[in-house]
Amino acid sequence: MEEKSFIWTADITQRFFELRFENEWLFKQKKQPWMEFRKILLEDGFPKEMTMNHIRKKWSYTYDAYRLAKKTKNKDWKYYRMFDKHFGKKVLDKYESWNDDWRLKLIICISEAKEVKLDFHNMWRTVEQALRFQELPIDCCIQDLKGLWHHIKVTFNRKHRLILKKSLDPEDWPLYPTVLEYYQKFEPEYLARLENMPAASLASIELRKKHVPKGTYKQDIEAEDFQCELHLSHSPKLTSVPCRLPKSQGDQQQVVGVLQPTGVVSRRGELESQSDGGM
């Protein structure tokens with residue numbers, strides 16, 4: 001029996017590519033995971049008439065078209081920018097085109113989504129929809145937002161360490177107070193590790209967090225915490241210095257504390273100040 005044709009509308013096609021990029025990990029784990037990927041599409045609301053064969057052919061045809069456009073430098077191809085952002089040369093400079101206003105909007109939308117405790121998938125869909133209402137460019141997809149958010153967090157890590165060392169003024173990076181508020185509200189444990197652990201140890205923890213089987217990460221982190229506490233026993237205490245934090249875009253600013261090192265901190269409270277009690 002001949003398979004019925006499937007009509008790929010512009011909206012369905014756009015969303016199909018976005019989900020394909022978001023689930024790149026699935027295609028790295030298995031050679032032909034089209035059945036699993038179709039389940040993801042159906043859960044996202046795609047029509048049941050769309051078969052696995054429709055999906056495979058659509059992707060294969062479009063990917064071949066992208067490779068041809070890339071080879072011939074045909075940047076006028078309809079989906080060139082979308083595909084090139086994912087498969088092209090990945091450099092942090094590609095996010096320089098996002099000005100601080102758009103970055104601030106992204107941070108605020110992510111914070112608001114975190115407030116209502118959405119799961120990972122729905123959180124990013126909600127963030128994208130919120131930014132669409134604020135005229136997010138049509139060729140920007142969820143993958144771009146995730147990439148920009150990662151870029152912002154990496155930038156914060158670097159600048160926060162410099163601020164703790166008093167090598168940088170918090171006001172030198174306009175987004176610093178807003179990102180700091182995000183970490184204080186939603187990722188305080190990560191912020192504590194960032195402030196008290198060596199960069200190499202923190203990077204090792206984050207790498208294991210992404211790749212270890214579910215349920216084993218907690219055991220690893222407890223061992224790492226013991227090492228962290230030994231490090232903290234020789235670390236300075238933290239005091240607060242003021243910096244400016246916008247409540248929201250356009251609102252008046254409020255003053256919050258930025259942590260600066262001056263003595264001993266223990267995450268569990270098991271270690272007391274050696275400098276106070278031991279001297």
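The values are calculated or read from the model by the stated rules, or taken from the named source; none is laboratory data. Just so you know, these numbers come straight off a predicted model, no measurement behind them. Cβ coordinates were reconstructed from backbone atoms using ideal geometry, including for glycine residues, and neighbour counts include every protein chain displayed.
Just one of Ala199, Ala192 is modelled with pLDDT under 90 and of a type in the set (A, V, I, L, M); which is it?
The unique qualifying residue is Ala199.
Considering only residues of region 58-74 that are among the basic types (Lys, Arg), at pLDDT below 90 and assigned to a helix (DSSP H, G or I), which is surrounded by the fewest Cβ atoms within 10 Å (Cβ to Cβ)?
Lys71
Can you name every residue in region 117-164 that is over 18 Å from Glu22 (Cβ atoms) and among the acidic types (Asp, Glu)?
Glu135
Of the residues that sit in region 166-194 and are outside any helix (DSSP H, G or I) and touching a residue at least 60 places away in the same chain (Cβ under 8 Å), which one is nearest to the chain's Cα centre (by Cα)?
Here the answer is Leu175.
Any residue in region 153-165 that is under 20 Å from Ser111 (Cβ atoms) sitting within a Cβ distance under 6 Å of a residue that is part of a helix (DSSP H, G or I)? List the pairs, counting only those 6 or more apart or interchain.
Once the first residue is under 20 Å from Ser111 (Cβ atoms) and sits in region 153-165, its partners that are part of a helix (DSSP H, G or I) give Phe156/Val179.
Scan region 110-148 for residues that are part of a helix (DSSP H, G or I) and of a type in the set (A, V, I, L, M, F, W, C) and report the count.
So the answer is 11.
Which is closer than 13 Å to Thr13 by Cβ, hydrophobic (A, V, I, L, M, F, W, C) and assigned by TED's automatic domain parsing to the domain that holds Phe27, of Ile40, Ile55?
Ile55 is the lone residue from the list that is closer than 13 Å to Thr13 by Cβ, hydrophobic (A, V, I, L, M, F, W, C) and assigned by TED's automatic domain parsing to the domain that holds Phe27.
Among the residues of region 6-31, write down those that are loosely packed, with under 14 Cβ neighbours inside 10 Å and either basic (Lys, Arg) or under 19 Å from Phe87 (Cβ atoms) (or both).
Listed by number, the residues that qualify are Glu24, Trp25, Lys28, Gln29, Lys30, Lys31.
On the basis of being modelled with pLDDT of 90 or more and either among the small types (Gly, Ala, Ser) or exposed (fewer than 14 other Cβ atoms within 10 Å of the Cβ) (or both), does Ala130 make the cut?
For Ala130, the condition - modelled with pLDDT of 90 or more and either among the small types (Gly, Ala, Ser) or exposed (fewer than 14 other Cβ atoms within 10 Å of the Cβ) (or both) - is met.
Looking only at region 108-124, count every residue that is exposed (fewer than 11 other Cβ atoms within 10 Å of the Cβ) and either touching a helix residue (DSSP H, G or I) at 6+ places or on another chain (Cβ under 6 Å) or aliphatic (A, V, I, L, M) (or both) and tell me the total.
1
Tell me, which helices (runs of 4 or more DSSP H) lie completely within region 1-52 with 1 or more residues that are touching a Cys at 6+ places or on another chain (Cβ under 6 Å)?
10-22
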